[in-house]
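*Asks:* Let me give you the structure first, and then I'll get to my questions.
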Amino acid sequence: MLIRNPILPGFHPDPAILRVGDDYYIATSTFEWHPGVQIHHSRDLAHWRPLGGALDTQELLDLRGVPDSGGVWAPDLTYANGRFHLVFGVVDAYAFGHKDVTVMLTSAPRIDGPWERPVVVPSRGFDPSLFHDADGTTWLVNMAIDRTPGSRGFAGVQVQRLDGTTPVGDPHWIHGLTEHGVTEGPHLYRIGDWYYLLVAEGGTGWRHGALVLRSRELLGHYEPDPAGPLITSRDDPGLALQKAGHASLVATPDGQWFAAHLAARPYGELGPCVLGRETALQQVTWVNGWPRIAGARPAVEVSSPLAAHPWPDQEQPWSGLRRAVAADWVEFGDPIRIRGGQSAYGRRAPSLLARPISSRTETFAADVTFTTDSPHQSAGITAFYNSRNWYYLALTADGFALTGCDHGRREVLFHGTGSPRRLELAFDGPVLRFAADGTDLGVTADATVLSDEHAVEHLGDQVFALGFTGAMVGLWVQDLAHEGCHADFAVAT
């Protein structure tokens, strides 16, 4: 059976893979989208079904006010002592060389919960993971932030013993920066007589990669694989899968190994990545005590030793922008009813329900029932990246309009009279088209505005905004004067 990469197409970055018995799970980053930490499930490594987000209430995860591409970064999922454990960082600020990160830990008796209310643990960096050693101890592993003004912000890797959620003793440095710097995403494994440290390096862009180091002792000294990186695409811009890195390891019951890693599929050589950072899977072989991927390059097709176990067709789950998907603003049914909320610029309660696109050619349409005589209200569909980059085709008080937003600058691209029933948008690679009641609006929009690369912004030599997510499509209702309104959506399948 062949595994076709990416196994999780579209916005599914920073995979942490786990096997419990015959079940495989992958947890991925969700950033400013709620519920936090999407989890997928497989029995054969090729077919994956979404289980939804683990942190699905406001009590479990509060994202109000987090910046674009802030929120939940790089979670880790483990299993020990009969429970699932989830550790993750919530990033409240990252601009201008400074990061405010809170690391939280929760657990559950089953993968579908109930998850306990997360507890704050030492938060010296982001990309936390847990390591459960054979002696019963548990260690928090994370990259540590260098807070020196003018630094790149990366100091190396630390471990801190935990007793439950309580830190024990002092943190220990186990590794500094690698040759390519920007060392992050650490995972620890004990395999045989060795401790293996797997780290991401080079930043999560074109220079990304993953490196394995090993030591006889948990606290080091860790030596890197003399063969070089476990995986990278930094030296071959022609590869279909770029930005390969941020990996985690898993073994099948019969001892065959795989690495889950993030990757991206640009439009053109080193072009914009509208689909965002995705999850791929590679075979791993052991050579002289080191895990290796063939050529250290990401392959599009990989063989699986497991019997095929496909799932019934299932829709991708919906996510809410910075707010829990709850009955106070959305009612699921046929149709979906959404009560109005903030604009994209509001960081507390926008009423935007969305899901990632997963291919370069994709159509999204919905029949919209909505009437208003207020200039402060609108309802429609959106192709969305973040609060500063989006398209919105909506019914308004004086007809319907297509608005585009590029780096925060809004422009009305089309205005029509009447009240069409069906609104539609279609991705065709870098081009985005729109229609109303089956009639093309004649507007050719730039889909690459909705890419990781386009979202990055600088003020002088300082980063102001980052792009870590991917293009989304969804339903949006605005009620900017709090007058009270709702819209009903029948999403076309």
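The values are calculated or read from the model by the stated rules, or taken from the named source; none is laboratory data. None of the values given here were measured: they were computed from a predicted structure. Neighbour counts are summed over all protein chains in view; Cβ atoms, including those assigned to glycine, are modelled from backbone coordinates with ideal geometry.
*Asks:* In region 303-329, which residue that is within 23 Å of the chain's Cα centre (by Cα) and not in a loop (DSSP other than H, G, I, E, B) is farthest from residue 51 (Cα to Cα)?
*Replies:* Per the criteria, the residue is 321.
*Asks:* Still on this model: Has region 171-183 got at least one residue that is out of contact with any Pro (no Cβ under 9 Å at 6 or more places or on another chain), modelled with pLDDT of 95 or more and small (Gly, Ala, Ser)?
*Replies:* No, there is no match, as no residue in region 171-183 is out of contact with any Pro (no Cβ under 9 Å at 6 or more places or on another chain), modelled with pLDDT of 95 or more and small (Gly, Ala, Ser).
*Asks:* Quickly run through region 247-269 and pick out the residues that are in contact with a helix residue (DSSP H, G or I) (Cβ under 9 Å, 6 or more places away or on another chain) and surrounded by fewer than 20 Cβ atoms within 10 Å (Cβ to Cβ).
*Replies:* Within region 247-269, 267 is the sole residue that qualifies.
*Asks:* Still on this structure: Are any of the residues in region 153-162 closer than 21 Å to residue 132 by Cα and either of a type in the set (Ser, Thr, Tyr) or out of contact with any strand residue (DSSP E or B) (no Cβ under 6 Å at 6 or more places or on another chain) (or both)?
*Replies:* no
*Asks:* Which members of region 210-251 meet the condition of being among the basic types (Lys, Arg) and within 20 Å of residue 182 (Cα to Cα)?
*Replies:* 214, 234, 243
*Asks:* Now for a separate question. Would you check if residue 255 is in contact with a strand residue (DSSP E or B) (Cβ under 9 Å, 6 or more places away or on another chain) and not aromatic (Phe, Trp, Tyr)?
*Replies:* no
*Asks:* Kindly indicate whether residue 473 is closer than 30 Å to residue 97 by Cβ, of a type in the set (Val, Ile, Thr), outside the structural domain of residue 263 (by TED's automatic domain parsing) and surrounded by 22 or more Cβ atoms within 10 Å (Cβ to Cβ).
*Replies:* no
*Asks:* Right, next: Pull up region 134-149, narrow it to residues that are touching a strand residue (DSSP E or B) at 6+ places or on another chain (Cβ under 7 Å) and not in a strand (DSSP E or B), then point me to the one that is farthest from residue 103 (Cα to Cα).
*Replies:* Ranking the qualifying residues of region 134-149, first place goes to 134.
Per-residue answers, yes or no, for (1) of a type outside the set (D, E, K, R); (2) buried (at least 18 other Cβ atoms within 10 Å of the Cβ):
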| position | (1), (2) |
| --- | --- |
| 155 | yes, yes |
| 189 | yes, no |
| 193 | no, no |
| 201 | no, yes |
| 228 | yes, no |
| 235 | no, no |
| 245 | yes, yes |
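Yes/no per residue for (1) out of contact with any Asp or Glu (no Cβ under 9 Å at 6 or more places or on another chain); (2) touching a residue at least 40 places away in the same chain (Cβ under 8 Å):
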| position | (1), (2) |
| --- | --- |
| 189 | yes, yes |
| 207 | no, no |
| 231 | yes, yes |
| 245 | no, yes |
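*Asks:* Let me ask something else about it. I'd like to verify a number: residues in region 179-234 that are in a strand (DSSP E or B), charged (D, E, K, R) and within 23 Å of the chain's Cα centre (by Cα), how many?
*Replies:* Qualifying residue count for the region: 2.
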